[in-house]
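Read through the structure below, which is laid out as structure tokens, and then see the notes.
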Amino acid sequence: MPFVTIGGITLHHRYVEADGKTAPIVFINSLGTDLRIWDEVVALLAGEMPLLVYDKRGHGLSDIGSGVHSINDHVDDLHALVDHFGFDKVVLFGLSVGGMVAQGLHVRRPESVLGLILSDTAHKIGTAESWNSRIAVVERYGIEAIADGVMKVWFTPDFHAGRPADLAGCRNMLTRQALPGYIGTCKAVRDADFTESARRIAVPTLCVVGDQDGSTPPDLVRSLADLIPGARFEIIRNAGHIPCIEQPEALVALIRGFVASLAPGETHG
Ligand SMILES: O=C(O)CC1=CCC(=O)O1
């Protein structure tokens, strides 16, 4: 079964092995989602490089453990998972809050991070006011109350019009997340600020964003890229906040190019 218990927390994951010497990519999901958001990306990349996807704490089928009190709780789990698999060096792909978790692991253990792909994320996302008002609504009325608004941020009008079944499924994924995991992670994002540490990122970094991302818009993601020495910035056309679902082929092309640009011969030991 695709479960592992580390540090008292059972994490749901899927590991797709590959031959060769390419370092594994570990994918970290966003708020209100689970590892199914990577299905198409994993299908496209399977066999080319090792791929690890997992449900972060309090999401999907993973435990919440002692709760989500800060981004560090998510970083603890990622750190433990990387150790569990015996990975020496990894490429981290973090979506939205997942990008903050990736930045957090780089702060903690830069020697383990070969490269960062930061998708639709930032050094600071939203304001205390915006997160507090979302938390208040969700505490009172549940995730259902914000679901239609979140769908407008996650996906473009074209996706809404052209893929109604996928939209309904993704909305179900959001509304079925456990409330404590969702609210705890909202608070963690509210309190996180990676502005200073972003200036010290010293590994190859690709910042990528959907052109119609309503949560971390292109200008915000560009400002993250501007903080990180040497970071590349790319915009994906016709995508909202979750390009891995909306434009997986375009995203995979960027991933392939990024991995190919990394130092050859790196392995996961
Ligand atoms: O669900 C949203 O509003 C978008 C988002 C913000 C942080 C995150 O992980 O997703």
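Under a Gaussian network description of the chain, with springs only between Cα atoms under 10 Å, the residue in V68, V138, V42 that fluctuates furthest is V138. Extension gain, D193-D88: 0.36 nm per intervening residue step, less the Cα-Cα distance, totals 35.1 nm. One compactness figure for the range 14-122 is 0.98, namely its Cα radius of gyration divided by 2.2 N^0.38 Å. Put in line by how crowded their Cβ is, counting other Cβ atoms within 10 Å and starting with the fewest, V259, V16 read V16, V259.
What share of the DSSP beta bridges in the chain is antiparallel, in percent to the nearest 5? The partial results should precede the final answer.
Working: 8 of 31 bridges.
Antiparallel bridges: around 25 percent, rounded to the nearest 5.
Each 5 Å bin, from zero up to the one with the longest distance, holds this percent of the alpha carbon pairs of the range 151-269: 2, 10, 15, 17, 19, 17, 12, 6, 1, 0. Going by neighbour counts of Cβ atoms within 10 Å, the residues H69, H160 line up, fewest first, as H69, H160.
Nearest 5 percent is fine: what portion of the DSSP beta bridges confined to the range 1-144 is antiparallel?
Details: 8 of 22 bridges.
Here the share of antiparallel DSSP bridges comes out near 35 percent.
Show me the three semi-axes of the equivalent ellipsoid for the range 134-205, from the C-alpha gyration tensor (sqrt of 5 times each eigenvalue), largest first, rounded to whole Å.
Numbers: eigenvalues 153, 80, 20 Å².
Working from the Cα gyration tensor, I get semi-axes of 28, 20, 10 Å.
Taking every Cα-Cα distance in the range 3-262 and sorting them into 5 Å bins starting at zero, the pair-distance distribution P(r) comes out as 1, 6, 14, 19, 21, 19, 12, 5, 1, 0, 0 percent.
All of the numbers you see were taken from the coordinates with simple rules; none came from a lab. Quick caveat: nothing in here was measured; it's all calculated off a predicted structure. So basically every Cβ, Gly included, is an ideal-geometry build from the backbone, and we count neighbours across all protein chains shown.
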